[in-house]
1. Looking only at helices (runs of 4 or more DSSP H) that lie completely in the stretch 224-318, which have at least 1 residues being in contact with a Cys (Cβ under 9 Å, 6 or more places away or on another chain)?
2. How about the stretch 136-160: which of its residues are part of a loop (DSSP other than H, G, I, E, B), within 16 Å of residue 234 (Cβ to Cβ) and at pLDDT below 95?
3. Does residue 192 satisfy the criteria of being touching a helix residue (DSSP H, G or I) at 6+ places or on another chain (Cβ under 6 Å) and either farther than 22 Å from residue 62 by Cβ or of a type outside the set (A, V, I, L, M) (or both)?
4. Could you pull out the residue among 151, 226, 163 that is closer than 24 Å to residue 89 by Cα, within 17 Å of the chain's Cα centre (by Cα) and of a type in the set (Gly, Ala, Ser)?
5. I'm trying to understand the selection: among the residues of the stretch 39-74, which are buried (at least 21 other Cβ atoms within 10 Å of the Cβ) and either small (Gly, Ala, Ser) or farther than 30 Å from residue 243 by Cβ (or both)?
6. With the condition being closer than 30 Å to residue 310 by Cα and of a type in the set (Lys, Arg), I'd like the helices (runs of 4 or more DSSP H) fully within the stretch 17-124 carrying at least 3 qualifying residues.
7. Output the number of residues of the stretch 194-209 satisfying the condition of being of a type in the set (A, V, I, L, M), farther than 17 Å from residue 137 by Cβ and in a helix (DSSP H, G or I).
Amino acid sequence: MSFSGMPFDDVRSLLSQLETPDDTLAEAMTQAFARAGYPGTALGRLQELGIWLARTRGAVPPLIGKSGVALYAATHGFAEDALPQQRVRVDAVAAGAAAVSHLCVAGDLSLNVFDLALDLPSNDIREDASLDERSCAATIAFGMEATAEGADLLCVGALGAQAAIAASAILLALLNGKPEQVGAADRNIVSEAISFHADHLSDPLEVLRRLGGRDIAALTGAILAARVQNIPVVLDGLPALAAAAVLYRLAPHAISHCVLASSNSPLEIWAAEQLALKPLLELEFSGEAGCAGAVAAGLLKSAAALAGGVAEVARRMG
């Protein structure tokens, strides 16, 4: 994505070119299940996911081969002392020592962690916009590179509690939430940030640049790029959910290719309902980015394999 005019113009242009999902292939997959002896929702959520994958991938059967997890790491001005911990997290993932690393090995998933200038925290959202427009747009463009090497399935998330705090502010601003929905430990930061930017929260991209950080901006780009390329996305955690909310407010069908891995906090459960995202899992993960996404990827692979087998049976039956 290259800039033309104002930095966000290219993002808006790309969103305007997105076509609404075509239900033709979803219907074809539904009929295949019926011909194979599984009408309606006989196979439950797996059948539902198989049909969704056919619509998202634009193919019957929906093939899921190369799959991966992309995690983004940044630092935020309201928590500058978090840099050492954040670097430890990044190093653990890069070294294959984090919990998500082991799950990715087990699930045959690639794993990439992106260091988004950890030594340069974004501005403190309680007293300034997190990013200027050009920096935010550039980070969105960087996030879009997550699909550059090709993928059939992408799981996305962000490292660190700071990203979750910024995400909480974004979700409240975009979905008309209240500070009481945020955990007590983070409530003051979120409330002060929303109050400071209250007159500038009507545009979702402006909400992103003011309240988010490089991590959530990059997540927004990754989700958008996957939508353009018909790649299913598993959202892992509040930051990914916040990035999806930005796109949803710009064009609801921009997240038709997304599913939510899990929802843990009351805010996450509420936001998921607002975005019509039903969690795939209830594993009570807390603070370990990518784990729920990696497990959910296995569920989607199973759904794709099921859809493939059913489609073959239906084909033989004529």
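The values are calculated or read from the model by the stated rules, or taken from the named source; none is laboratory data. All figures in this text were calculated on a predicted structure; none of them were measured in a lab. Glycine gets a Cβ as well: all are built from the backbone with ideal geometry, and neighbour counts include every protein chain shown.
1. 238-250, 291-317
2. 151, the sole residue that qualifies.
3. Details: touching a helix residue (DSSP H, G or I) at 6+ places or on another chain (Cβ under 6 Å): no; either farther than 22 Å from residue 62 by Cβ or of a type outside the set (A, V, I, L, M) (or both): yes.
Spelling it out, it is not the case that residue 192 is touching a helix residue (DSSP H, G or I) at 6+ places or on another chain (Cβ under 6 Å) and either farther than 22 Å from residue 62 by Cβ or of a type outside the set (A, V, I, L, M) (or both).
4. Criteria check complete, one pass: 163.
5. Matches in the stretch 39-74: 50, 54, 67, 68, 70, 73, 74.
6. Values: elements: 24-35, 44-57, 83-94, 99-106.
Correct list: 44-57.
7. Final tally of qualifying residues: 2.
So that you can scan it fast, the table gives a plain yes or no per residue for (1) of a type in the set (Asp, Glu); (2) in contact with a strand residue (DSSP E or B) (Cβ under 9 Å, 6 or more places away or on another chain):
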{"residue": "192", "(1), (2)": "yes, no"}
{"residue": "195", "(1), (2)": "no, no"}
{"residue": "219", "(1), (2)": "no, yes"}
{"residue": "228", "(1), (2)": "no, no"}
{"residue": "270", "(1), (2)": "no, no"}
